[in-house]
1. For the stretch 30-82, with all protein chains present and a 1.4 Å probe, just round the carbon and sulfur fraction of the accessible area to a whole percent.
2. I need the calculated FRET efficiency for the pair Glu277 and Asn60, taking r as the beta carbon distance and R₀ as 60 Å, to the nearest 0.05.
3. Let me make sure I get this right: for the stretch 218-279, a, b and c are the square roots of the gyration tensor eigenvalues over alpha carbons, sorted descending. Under 1.5 in a/c it's rounded, otherwise prolate if a/b > b/c, else oblate. Which is it?
4. Give me the extension gain from Glu190 to Thr131: residue separation times 0.36 nm, minus the current Cα-Cα distance, reported in nm with one decimal.
5. Would you list which lysines come within 28 Å of Lys366, measuring only between C-alpha atoms, while excluding same-chain residues fewer than 8 positions from it?
6. Once both axes come from the Cα atoms, what is the angle between helix 305-315 and the longest principal axis of the chain, in degrees from 0 to 90, rounded to 10?
7. What do you reckon, how do Thr88, Thr34 stack up by accessible area (1.4 Å probe), largest on top?
8. By accessible area of protein heavy atoms, probe 1.4 Å, what ranking do Met331, Met297, Met341 get, highest first?
Amino acid sequence: FIEPSTMAAAALQAQHPATAARAAALAGDPAAATPEDVLQFWFGDQYVTRCNTREYMVENHTLWFAPTNVPFDVAQWEARGLIQAAGTGQLEGEWATERGALAQIILLDQFTRCAFRGTPEAFAYDNVAVTHALRLAEPAAFHALHACEQFFVVVCLSHSEDRAHAELHAKLAEELGRGQDPELQRFLREIPGFPGEHLECVRKFGRYPQRNKVLGREDTPEEVAWLASPDCPAWAKSQSKVKFSYWDGRGLGDPVRFLLQFCLIPYDDISIRTQEEFNDLKASGKLAFGQVPLLEMDGMELVQSQAILRAVARKKNLLGSTAPEASRADMVMSAIVDARMPLVTARFQADPGAALEQFATKTLPKVLGFLDSFCGQHGGDFIAGGLTVSDVCLFEFVCYASDETQKSGAELLKEFPKLLSWWERMSGFQHLQHYLKSPSRKPPPDEKFVREVCSILSMPLPGYINP
């Protein structure tokens, strides 16, 4: 059994073994973590021997700024205790050194954007981070840093809404990599929009308008126009939420919710509770086939639950790392869709108890038997080999089955040893456990939910519910 605080590290093991070891340290007791744990996790093991090259920056730029590596992101989420310790001044000793200051910049300016994405806490420690950045911006300290380290000092200053800090970040950006590999310097100077866009924004508005909503600030008309403009840069949308519209319950929507939670994608969960609301949504033209769920993401209006799952998985590199693995993940997802449907429809049957009994004694054991045989056939720790969307869908299915059968996941899987081991691994993702205990998790369907959906869809009530 893998402890929850090390599951992200375990998932990272195959991709980045050294990074995985550091991830486990970051998720533990903040008092035991070191600045080197943070720096080696972020920049890579022994990075000082290879970081002053264009190749290094190109390779890692995607990891840092195109969040498509879910275990890497989850490791940052699991380091929230360490982030908060840094933000509240609890870290001492070697954390007070210049290496410690650099590590705290990474924690408070980078980890926060991932661990608290879409919430005010994403920006809560910016002022503390800037204090450390100003220390390292002093000429002697700055020029003693490697180019990649200098870069994150500059980025930290760029996130400040103080114009003086914005001006300093632009000035220091001109110094990045000076005296080092010319190709590296060229790469740093050709990063789109860097450093001009941040400076221009702060000069124009005196703040970052994209933060207004999450921080409870009023937009000005000029800010509204800028945010809606095609000229609004991508970085100004990195903390925005996607929109998910569905009934106020599980149904076909819950696998999507689980995947969004697993991928740390913040979303507004918009509940459709009346026929009028549903008709308005259909009239908007967003429902290509007149059905929900609907996910509004990256300018797309996505319907059909399986298509939505694949779109999110594609965005986060969870479709499968090879064509065979992707095909295996697809097969598992299709099997789960079929087996899950009796759970979705049971409360709408004349005798829900009989429907759930049929599911528990026939459907569930059958599909679990097939999946147990399938699991582990192709190497790796997960259902299709590597971690894919199929693992999240299967986890949601077992959780749903657990609720409706009143048995724990481990009890449901006790006759299926490979699935039981898989379940223990997936249960070790701390952020999934957090979601299962949170108010955001929809409860099993009850009479109120059945009435609501039947009213929306003009369906007759099942016989066990009085009109």
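1. Carbon and sulfur: 53 percent of the exposed surface of the stretch 30-82.
2. 0.85
3. Taking the square roots of the gyration eigenvalues as a ≥ b ≥ c, the stretch 218-279 is oblate.
4. Going from the current span to full extension adds 18.5 nm.
5. Lys407, Lys414, Lys418, Lys442
6. For helix 305-315, the angle is close to 20 degrees.
7. Thr88, Thr34
8. Met331, Met341, Met297
The values are calculated or read from the model by the stated rules, or taken from the named source; none is laboratory data. Since the model is a prediction, treat every value here as computed from it, not as a measurement. Note that we place each Cβ from the backbone using ideal geometry, even for glycine, and neighbour counts take in every protein chain shown. Keep in mind that these areas ignore ligands, DNA and RNA; they rest on the heavy atoms of the full protein, side chains included. Shrake-Rupley method; radii C 1.70, N 1.55, O 1.52, S 1.80 Å.
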